[in-house]
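Just so you know, all these numbers are worked out from the coordinates, no wet-lab data involved. Treat the numbers as computed from the prediction; the structure is a model and nothing was measured. Neighbour counts are summed over all protein chains in view; Cβ atoms, including those assigned to glycine, are modelled from backbone coordinates with ideal geometry.
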Amino acid sequence: MKHNFLKSLTIPALAAIFFATGCTKKIDDAFANPNAQTKQPVEQLLPGIISNMAIQHSANGTLYGPQNDGLYFGRYVQFWATNGTGNQYDQMGDNFINRSDVLGSIWAMHYYGMGANISRIIEWGTEEKKWDYVGVAQAVRAWGWMTLTDVHDDVILREAFRPEQLVFKYDPQPDVYEEVKRLCHAALANLSKTGDGVNPANLAISDRYGNGGDINKWKRFTYGVLARTFNRVTNKSIYQPDSVIFYANLAMQNNSENTTITWSNTGGTGTYSYWSPFRGNIGTLRQSKFIADLMSGLNGQFPTGNVDPRAPYIIRENPNGTYKGIRPNKGSDLLTSVNDRPDNFWGDAFSITAAPGSDNAARYIFKNAPIFPIMTAAEIQFLKAEAMLRKGDKAGALTAYKKGIELNFQELRTNYEVSVPAARRMTDAQRDAYLNNSLVVPAAADLTLSHIMMQKYISMYGWGVTEVWVDMRRYHYTDLDPTTGQQVYRDFAPPTGIDLYTNNLGKWIYRVRPRYNSEYLYNVDELNRLGAFAPDYITKECWFSKP
């Protein structure tokens, strides 16, 4: 009886367990845990990752990427300024006093927009032996780490991408650059693999708004990241110009190998550039006096007295047909005549801040769906020229320098003649006259750092904001050229006195704070350790630019 009694209890109990298990499985299938990891095809993850290299737009977060932060960094390097006065970014300040996420876009791009998505491509792509996807993901992560530490210095490296943690320790910048190098070499190894799940046509579908699935372009890009990283430390004894030159020679050599981003232009907000008329985010920005003088032959480095043929491609003329700009925090103070004030970047008058209904009058990278550079062959040549000049190879430096200018001319004529009036489009004769002007392209013995850095500035105008800011900080904005005794960035005048942000305590900006809504709310102890609550924290020099 005892046996039968237990048996009679056991059978219903087992049935109940099986029934409960079956119900649980059905419930789990119907109502998936939103916090659980769900495997997705890596092909669906890559497009969003690539979009982050310019700007992200998603349901769970938007405006992450260099275009957003670039609006502010561009003021620090005087690509542009606000068309009025009292703007703290024109004054080399930040918005910490208002507890704002402004200047936290690259931070969010790297940790959120790309973060776990890149980790999943590396993990799942490895399982599926899709080495091309793994290599691209590693290359983009290397670029992300480099870009992140370039603007913030110390960042969360070793404890990054751990969803189980709430607070994180920061790591020093040298460690981050070493991780960039490690990832680049890992990416190159995977991008060199064939067979298994490698499928260029499949990669091209996910990569259609980036490198189009071209493995060679991704390799060139990765070598370019290495060249940039080795070039960061020109002020240190560990600087190795031969390493910069080596990787520059493996990076993109012509404009067909440039890494660029574009948009589908199909109607949704995320299908347009953040700087486009459709998005309407740059209505108050006007070109600076520094770039206008540089393109007008009025800058002391290139005092040609003639307009650079590239001027109508990258900046705007005024009603008088000349090129003038404004000074930071000064508005139109020097431009007392309305006819001297430049049009805005969308082609409307200086005074108009509202976006037009179309991009027909916009030019260059300010159209709705432009070709937006991430890294170009011209930039690589200027990196190489700087390294060769520092090494003492002036002849080699001159060759690279001239090639950089030529590539920039070619790039503008090929990609950005749309909306440039026919009468202002450059001719071969204008290009050749510029290149043959000894004030621009001197004899090898007369080539200086100023020549190289100023032409690099022109070639990266607008899009290369972070890289140019790295360069200017390497030269501490006003460092002198050892050959000429003049500023490397000739005639560049950072704000001073009442035009400099009060909280900077008389110093220029060298970094931006970690993103407010993640770090200043949850990672307080680490930020206190870094001194990141100090009003003038942003003036603390980054490791890369120190001796």
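Summary table
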item: Backbone N within region 308-339 under 20 Å of label point (7 Å from R425 Cα along the Cβ vector); result: 308-317
item: With Cα atoms, 0 to 90° folded angle of helix 66-76 axis to the chain main axis; result: 30 degrees
item: Label-to-label distance, nm, for residues given as N528 and D491 (7 Å Cα→Cβ offset); result: 5.0 nm
item: Cβ charges +1 (Lys, Arg) and -1 (Asp, Glu), total dipole of region 439-510, debye; result: 140 debye
item: Rounded Å value of the spacing that divides the Cα centres of region 188-218 and region 401-436; result: 32 Å
item: Amide proton proximity set for Q487, modelled H, under 5 Å, gap of 5+; result: D481
item: Positive-pole candidate from N504, N344, A532, dipole of the chain, charges at beta carbon; result: A532
item: Cα long-axis angle, helix 377-391 against the chain (0 to 90 degrees, to the nearest 10); result: 70 degrees
item: For region 276-290, 3J(HN,Hα) per residue [Karplus equation, 6.51 cos²θ - 1.76 cosθ + 1.60, θ = phi - 60°, Hz, x = Gly/Pro]; result: 7, x, 4, 7, x, 9, 10, x, 9, 8, 9, 4, 7, 4, 4
item: Paramagnetic label zone (point 7 Å from Cα along Cα-to-C-beta, K391; backbone N under 13 Å) in region 248-278; result: 248-250
item: Separation of the K507 and E159 label points, Cα + 7 Å toward Cβ, nm; result: 2.6 nm
item: Assigned charges on the beta-carbon of Lys, Arg, Asp, Glu; region 390-498 dipole about Cα centre (debye); result: 100 debye
item: Cβ-based exposure ranking for E417, E467, in which fewest neighbours within 10 Å come first; result: E417, E467
item: Set of lysines near K546 by C-alpha distance (under 27 Å), chain-local residues within fewer than 8 positions excluded; result: K169, K181, K236, K384, K391, K394, K456, K507
item: Residue among P514, A443, W463 farthest towards the positive dipole end of region 401-539, charges placed on Cβ; result: W463
item: Gap separating the Cα centres of region 488-539 and region 100-129, nearest whole Å; result: 26 Å
item: Residues of type aspartates and glutamates that K39 reaches as a straight line, Cα spacing below 19 Å, ignoring anything fewer than 8 places off in the same chain; result: D28, D29, E123, E127, E128, D132, E164
item: Contact order normalised by residue count of the chain, Cα under 8 Å, 6+ apart, percent; result: 18 percent
item: Sequence-distant lysines (8 or more away, or on other chains) whose Cα lies within less than 22 Å of K367; result: K324
item: Potential extension, E128-K540 segment - 0.36 nm per residue separation minus Cα distance; result: 143.8 nm
item: Backbone N under 14 Å from the T399 label point (7 Å along Cα→Cβ), restricted to region 438-453; result: 444
item: Net charge dipole size for the chain [Lys, Arg +1 and Asp, Glu -1 on Cβ; Debye, nearest 20]; result: 560 debye
item: Cα-based helix-to-principal-axis angle, 215-231 vs the chain, degrees rounded to 10; result: 70 degrees
item: Farthest positive-ward along region 205-275 dipole, Cα basis, beta-carbon charges - from S256, P241, G268; result: P241
item: Radius of gyration and Dmax over the Cα atoms of region 166-232, both given in Å; result: 15.0, 42
